[in-house]
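Peer 1: Handing you this structure, nothing more for now.
The values are calculated or read from the model by the stated rules, or taken from the named source; none is laboratory data. Source: prediction; values computed, not measured. Cβ atoms come from the backbone with ideal geometry, glycine included; neighbour counts cover every protein chain shown. Protein only, heavy atoms only, side chains kept; ligands, DNA and RNA dropped before computing areas. Shrake-Rupley method; radii C 1.70, N 1.55, O 1.52, S 1.80 Å.
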Amino acid sequence: MGFDPDAVRSLLRNRQIATLPELKGALGSSATMTVFRTLKRLGYRTSYSHRGKYYTLAEIPCFDARGLWTCRAVWFSRDGTLLATAQRFVDEADAGVTAGELHELLSVEVKGPLVQLYRRRRIDREALGGGYVYFATEPGLRREQRLRREHRPAGMELGAVTEQAELSPELKAAIVLFFSLLDEQQRRLYAGREAHKLGHGGDRRIAGFLGLDGHTVARGRRELFGEQVQRQRGRAPGGGRKPTEKKRPRSSPG
């Protein structure tokens, strides 16, 4: 029995991404190999997020300058797999990269893949500042990355400090002050971003630090990475100074 690849092409052009069961339904086949033969004929890519369960046509992604493309919070890379993508990001990092930093860049958990790459000797690593920093294996490039890491000023990254060390009272006060200046939505999104960087258990840890409910942090993370952010104007409609009428000078009696 012949299967029409146009059904798969039409589905993916319409929806951009699809799972294997959805592709089987479009093709009218329950055979996994039939779907993959069809995808191979059409040219396809597999997501590096969501354990590679999403597929798209090779012609669809418009990769950004980092070589990444996302659709409905599903991520694809020009490198294909998460391992290949993680290795490229490590090799191209000016000052090496930590798991937390790479997590933020790729929007997925990367500790496991980084350990795999290190054990396969495709990247190198060194314990610095209370955690591992990953470097390229090429000696000259690794030396340059290491020097830049040593001379780079430390930033105020909430996810990193809550993961590695206790905060000084001054830094904690600065973060809390900054957080207090945000509006309700911005607080959720900031908390969600930092929780996402920590990975498993991040919602609970960030909620405890910032004094939020865990569900609020989870909501902010879903909004941020699910592209559900309400873009706010600088001033609410009707806000600002009320228009005033110019008063005309009274005419003096004749």
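Peer 1: Output ³J(HN,Hα) for region 215-220: one whole-Hz value per residue in order, computed from phi by the Karplus curve 6.51 cos²θ - 1.76 cosθ + 1.60 with θ = phi - 60°, and x for Gly and Pro.
Peer 2: 5, 5, 5, 4, 4, x
Peer 1: Quick one: putting +1 on the C-beta of Lys and Arg, -1 on the C-beta of Asp and Glu, what dipole do you get for region 35-140 around its Cα centre, in Debye to the nearest 20?
Peer 2: That gives region 35-140 a dipole magnitude of about 800 debye.
Peer 1: Dipole of region 33-81, Cα-centred, from +1 at each Lys and Arg C-beta and -1 at each Asp and Glu C-beta, to the nearest 20 debye?
Peer 2: In debye, rounded to 20, region 33-81 gives about 220.
Peer 1: Around residue 80, with a cut-off of 12 angstrom between Cβ atoms, what is the net charge of the other residues, counting Lys and Arg +1 and Asp and Glu -1?
Peer 2: Net charge around residue 80: +2.
Peer 1: Near the amide H of residue 44, under 5 Å away, which other amide H atoms are found, from residues 5 or more places off or on another chain, if H is placed in the peptide plane?
Peer 2: For residue 44, whose amide H was placed from the backbone, the distant partners under 5 Å are 58.
Peer 1: At 1.4 Å probe size, with the rest of the protein present, what percent of the exposed accessible area of region 91-135 is carbon and sulfur atoms? Each step should come with its number before you reach the end.
Peer 2: Numbers: 1020 of 2230 Å².
Answer for region 91-135: carbon and sulfur cover 46 percent of the accessible area.
Peer 1: Here's something else I'd like to know. Distance from the Cα centre of region 27-89 to that of region 179-219, in angstrom?
Peer 2: 30 Å
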